[in-house]
């Protein structure tokens, strides 16, 4: 009886260790990122993000009655932000993050399945539509972001006004 119990426990231990699937290799993840055109998607994402940011800045400047000089200064600041964003989101900075996250999160089998999908005609089509999906999503989110920014600014102004009144007392 003890031998049977020991064999069952050993079998469960072996099954348990096999349940931990192998992590993907760096080469497998690099192949997946290649077929996903991850670098290209990132490059196309930045203009979409900046379009959203530009629209919010333009709208804010228009509603505040900003001067031509203020508008020019804001445009220079937005251009500097875009350069900073491009630097921060460069593929050289992002690739190691992707490699770490995919290694820690996905199994080798999952990465291979994703690679097969993105190599298929349907997967290629999905990846080609990804920039458009991201841009449309950002456009749809613009009213939410604008509303949140306006509320945040109003709350900040109200808090600053409270601070000013307390300092006068």
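The values are calculated or read from the model by the stated rules, or taken from the named source; none is laboratory data. Owing to the predicted nature of the structure, the values given are computational and were not obtained by experimental measurement. Note that each Cβ is placed from the backbone with ideal geometry, even for glycine, and that neighbours are counted across all protein chains shown.
Might you let me know whether region 133-150 holds any residue that is at pLDDT below 95, within 30 Å of residue 27 (Cβ to Cβ) and surrounded by 13 or more Cβ atoms within 10 Å (Cβ to Cβ)? So far as region 133-150 goes, yes, one or more of its residues are at pLDDT below 95, within 30 Å of residue 27 (Cβ to Cβ) and surrounded by 13 or more Cβ atoms within 10 Å (Cβ to Cβ). Checking the structure you have, find out if any residue of region 79-93 is exposed (fewer than 11 other Cβ atoms within 10 Å of the Cβ) and more than 20 Å from residue 43 (Cα to Cα). No: zero hits. Counting only helices (runs of 4 or more DSSP H) wholly contained in region 1-113, the ones carrying 3 or more residues that are modelled with pLDDT of 85 or more occupy 26-35, 38-64, 68-88, 91-105.
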